[in-house]
Structure formats: structure tokens, C-alpha cells
Amino acid sequence: MMHTIKTRLLITLAVLSLSACNNDNDNISLTEVPANIITTVQNTLPGISLKSAEKEIKDGIVIYELEGSLINGDEYEIKISEAGTIIEIELDD
């Protein structure tokens, strides 16, 4: 009986661990962001000064989330795929 409970607990923990690995978010240096991603963001929001970056792997798809601001003070959060497709541009309040 106790062996069965331990086995079920281990299986549950293994499944939860694998699920957690499916969605990874990591803060990364801007120097780690591929050049095509930076170029696409700069062409989309000319004059943006990038401040931070995250790399997210969701269901095997790499998405970069960049934060930056324009000279007028507007702050943006940009989500872009590894292929350079803009997913979302959010103007922060």
C-alpha cells in the first residue's frame, strides 16, 4: 500500500515537472537576442531604446518579449516570434 502511494506520488511529480518545462520564461541579455529580432523591432518602432528581454518557450515555440521606450517616454512591450513575426505590441500606461 505504501509503495503504491509513493509510486503515484513520483509519477505525479514527474508529470508536473514535465508540464513546467513546457513553458519556460528566462530573462536574457539583449546581446542574446538574435539580430533579426532586434532589427524587426527597431524597424517597427523607430527610435526605440530597448531595455530588457525575455525568451519564452511555449509548446516548443520560441517567443521573445522585449521592453523599451521611445524618446517621448512611451514604453512598449513587444512579443515577437523567433522567425521575426510580431505577435503583440503593447503600449504600457
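Look at (1) open to solvent by 70 Å² or more (accessible area, probe 1.4 Å); (2) closer than 15 Å to V33 by Cβ; (3) among the charged types (D, E, K, R) and you find that D59 fails only one, number (2).
Scanning the range 70-93 for residues that are under 19 Å from E32 (Cα atoms) and open to solvent by less than 40 Å² (accessible area, probe 1.4 Å) yields E77, I78, I80, S81, G84. The strands (runs of 3 or more DSSP E) found wholly in the range 37-93 and carrying at least 1 residues that are farther than 20 Å from N25 by Cβ occupy 49-58, 61-69, 86-92. Can you find even one residue in the range 24-34 that is closer than 15 Å to A83 by Cβ, open to solvent by 30 Å² or more (accessible area, probe 1.4 Å) and not in a strand (DSSP E or B)? Looking through the range 24-34, at least one residue is closer than 15 Å to A83 by Cβ, open to solvent by 30 Å² or more (accessible area, probe 1.4 Å) and not in a strand (DSSP E or B). Pull out all pairs, ordered by first then second residue, where Cβ-Cβ is under 9 Å, the residues are six or more apart or on different chains, the first lies in the range 28-42 and is under 20 Å from I89 (Cβ atoms) and modelled with pLDDT of 95 or more, and the second is among the small types (G, A, S) and surrounded by fewer than 13 Cβ atoms within 10 Å (Cβ to Cβ). Sorted first by the residue in the range 28-42, then by its partner, the pairs are N36/A83. When the range 42-56 is filtered for residues that are at negative phi and open to solvent by less than 90 Å² (accessible area, probe 1.4 Å), the ones remaining, listed by number, are Q42, T44, L45, I48, S49, L50, S52, A53, E54, K55, E56.
The values are calculated or read from the model by the stated rules, or taken from the named source; none is laboratory data. These numbers come from a predicted model, not from an experiment. All Cβ positions, even for glycine, are placed from backbone atoms using ideal geometry, and neighbour counts span all protein chains on display. All accessible areas refer to the heavy atoms of the entire protein, side chains included, with ligands and DNA or RNA removed. Shrake-Rupley method; radii C 1.70, N 1.55, O 1.52, S 1.80 Å.
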